[in-house]
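**Student:** First the structure, which I've put down as structure tokens, then a few questions once you've had a look.
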Amino acid sequence: PKDIMIVLDNSGSMKKNDPRFLTREMISAFADGLAPDSRLGLVLFDEEVHLVLGLTAKSTPDFKDKIGASLKRIDYRGKLTDISAGVERAIYELRQLGRPEAKRAIIFLTDGIVDLGSEARNLEQARWLRESLAEQAKALGIPILGIALTEAADFQLIQSVTQASGGDYYRV
């Protein structure tokens, strides 16, 4: 069994990089391909973090409808990009509600960098993600898989976080 949290960037820059909202189709196809004993959750982040779908079993009769309704919440209207808070929320969900027998993972997708409107705050949050959250995920056996959508993404941060947690990163 697998318990997977997907963490998606919902900031305004994503509208330029995903104008047709193909991320919705990609997540929907991913959900369709999950094994029946899998569970999936979805976190959106911009300047705020929203758990739009808690861990939900693929075998739930209205699973596809719940995924669809959650994906409609993607609007790319956020002003800032708090990657750290999105990842922290996913770790919390898996730590609290993940099944002990399940392989747990976080997949996060972004087109940019930690951007909270202040260079000092950006550095502080990036450090928290790299040094604390990645180590916490590793200790809990939760690999983080990062997907960078553009050349503007902070590859160094994504790579360091994913590798420290036992995960991997991809450039799309």
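The values are calculated or read from the model by the stated rules, or taken from the named source; none is laboratory data. In this text, all values refer to a predicted model and were calculated from it rather than measured experimentally. As a convention, Cβ positions derive from the backbone with ideal geometry for all residues, glycine included, and neighbour counts pool all protein chains shown. With ligands, DNA and RNA removed, areas are computed over all heavy atoms of the protein, side chains included. Shrake-Rupley method; radii C 1.70, N 1.55, O 1.52, S 1.80 Å.
**Student:** Multiply the residue separation of Arg99 and Ala35 by 0.36 nm, subtract the distance between their alpha-carbon atoms, and state the gained length in nm to one decimal.
**Tutor:** Details: separation 64, 0.36 × 64 = 23.04 nm, distance 1.52 nm.
Roughly 21.5 nm would be gained on extension.
**Student:** Also, quick follow-up: Whole-Hz Karplus ³J(HN,Hα) for the stretch 133-142, in order, using 6.51 cos²θ - 1.76 cosθ + 1.60 and θ = phi - 60°, x for Gly and Pro?
**Tutor:** Whole-Hz 3J(HN,Hα) from phi for the stretch 133-142: 5, 5, 5, 5, 4, 4, 4, 8, x, 10.
**Student:** Which value at 222 nm does the chain reach when only helices count, each DSSP H run of 4 or more adding -39,500 (n - 2.57), with the total divided by all residues and rounded to the nearest 500 deg cm²/dmol?
**Tutor:** Rounded to the nearest 500, it is -11000 deg cm²/dmol.
**Student:** Rounded to the nearest 5, what % of the DSSP beta bridges within the chain are antiparallel ones?
**Tutor:** Bridges in the chain that DSSP calls antiparallel: roughly 25 percent.
**Student:** Please compute the per residue accessible area over the chain with all protein chains in place, 1.4 Å probe, rounded to a whole number of Å². Each step should come with its number before you reach the end.
**Tutor:** Details: 8320 Å² over 172 residues.
Per residue, the chain has 48 Å² of solvent-accessible surface.
**Student:** Taking Cα centroids, how far is the stretch 15-37 from the stretch 61-115 in Å?
**Tutor:** Cα centroid to Cα centroid, the span is 12 Å.
**Student:** Please give the charge dipole size of the stretch 22-83, origin at the Cα centre, charges +1 on K and R Cβ atoms and -1 on D and E Cβ atoms. Round to the nearest 20 debye.
**Tutor:** Working: 9 positive and 10 negative charges, 27 e Å.
Roughly 120 debye, rounded to the nearest 20.
**Student:** Now a separate question. Where does each of 57-66, 161-170, 3-12, 91-100 land if you order them by average Cβ count within 10 Å, highest first? Provide the component values of the computation, followed by the final result.
**Tutor:** Details: 57-66: 13.6, 161-170: 18.9, 3-12: 25.3, 91-100: 16.2.
Descending packing order for the listed peptides: 3-12, 161-170, 91-100, 57-66.
**Student:** Suppose every Lys and Arg Cβ carries +1 and every Asp and Glu Cβ carries -1, with no other charges. What dipole size does the chain come out with about its Cα centre, to the nearest 20 debye?
**Tutor:** Rounded to the nearest 20 debye, it is 420 debye.
**Student:** Hey, what do the phi angles of the stretch 21-33 turn into as Karplus ³J(HN,Hα) couplings, whole Hz, using 6.51/-1.76/1.60 and θ = phi - 60°, x for Gly and Pro?
**Tutor:** Coupling constants for the stretch 21-33: 6, 5, 4, 4, 5, 5, 5, 4, 5, 4, 4, 4, x Hz.
**Student:** Consider the candidate values (1) 45, 37, 25; (2) 52, 42, 29; (3) 45, 35, 33; state which one is Cα extents along the principal axes in Å computed from the structure displayed.
**Tutor:** (1)
**Student:** Okay, next question. Could you tell me whether the stretch 37-130 comes out rounded, prolate or oblate from its Cα gyration tensor? Rule is a ≥ b ≥ c as square roots of the eigenvalues, rounded for a/c under 1.5, then prolate if a/b exceeds b/c, otherwise oblate.
**Tutor:** oblate
**Student:** Given a 1.4 Å probe and every protein chain left where it sits, what share in percent of the accessible area of the stretch 106-158 is carbon and sulfur?
**Tutor:** The nonpolar share, carbon plus sulfur, comes to 51 percent.
**Student:** Once Lys and Arg get +1 and Asp and Glu get -1 on their Cβ, which of Gly98, Ala126, Val43 lies farthest toward the positive end of the dipole of the stretch 29-156?
**Tutor:** My answer, from the dipole projection, is Gly98.
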